[in-house]
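Read the structure below first, then the notes.
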Amino acid sequence: QVQLAESGGGLVQVGGSLRLSCAASGRALNNYHMAWFRRIPGKEREFVAAIAGSGGSRRYSDSVTGRFTISRDNAKNTVYLQMNSLKPEDTAVYFCAAGTTALAMIGSGMTYWGTGTPVTVSS
């Protein structure tokens, strides 16, 4: 079992930055591909970014490419999402998730999920 806990969400103005963290416990994260998702109010959950277990490969949705950066520190069992140039449409609850198959890199087949951290971008 892997327990995931997101933190770092909050209220930020348009153009601002936030860094989300996803701390894992229970097992070493280096065996898992990790991803961030978000649920925008009134919409389905959507894929944001993914990073391979080794950290060597990353993938982003079109809507955040160039603004968000996913990274991981396996020694700290933590994954991060640096969010820059935030827009009102980035307002959502952000979730991290862990998966063991290559499908995780496209946001599918995730095994473990956190409970989410809310991000509000105000204009």
(message) As an exercise, identify the GluC sites (Glu not before Pro) in the stretch 1-103 lying in DSSP coil whose Cβ has no more than 12 other Cβ atoms within 10 Å.
(response) Glu44
(request) Find the eigenvalues of the gyration tensor of the Cα atoms of the chain, then list the square roots of 5 times those eigenvalues as equivalent ellipsoid semi-axes, largest first, in whole angstrom. (result) 23, 14, 13
(request) Please report, in debye to the nearest 20, how large the charge dipole of the chain is about its Cα centre when each Lys and Arg carries +1 at its beta carbon and each Asp and Glu carries -1 there. (result) 140 debye
(message) How big is the dipole moment of the stretch 38-97 about its Cα centre under a simple scheme where the beta carbon of each Lys and Arg is +1, that of each Asp and Glu is -1, and everything else is neutral? Debye, nearest 20, please.
(response) 100 debye
(message) Run the simple label-point estimate for Val14 and Thr65 please: 7 Å along Cα→C-beta, distance reported in nm.
(response) 2.4 nm
(message) Need the full-extension length gain, Ala102 to Asn84, defined as separation in residues times 0.36 nm minus the C-alpha distance. One decimal, nm.
(response) 3.8 nm
(message) Just to be sure I understand the model, the point goes 7 Å from the Cα along the line to the Cβ. What's the resulting Ser25 to Ser54 distance in nm?
(response) 3.1 nm
(message) Counting heavy atoms of the protein chains only and a 1.4 Å probe, report the per residue accessible area for the chain as a whole number of Å².
(response) 48 Å²
(request) Kindly provide the Kirkwood hydrodynamic radius of the stretch 1-68 in Å, to one decimal, from all pairs of distinct alpha carbon atoms. (result) 13.7 Å
(message) If I compute solvent accessible area with a 1.4 Å probe over the protein chains, what percent of it on the chain is carbon and sulfur?
(response) 48 percent
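The values are calculated or read from the model by the stated rules, or taken from the named source; none is laboratory data. All values reported here derive from a predicted model rather than from experimental measurement. Please note: Cβ atoms are built from the backbone with ideal geometry, for glycine as well, and neighbour counts cover all protein chains shown. Accessible surface areas use protein heavy atoms only, side chains included; no ligands, DNA or RNA. Shrake-Rupley method; radii C 1.70, N 1.55, O 1.52, S 1.80 Å.
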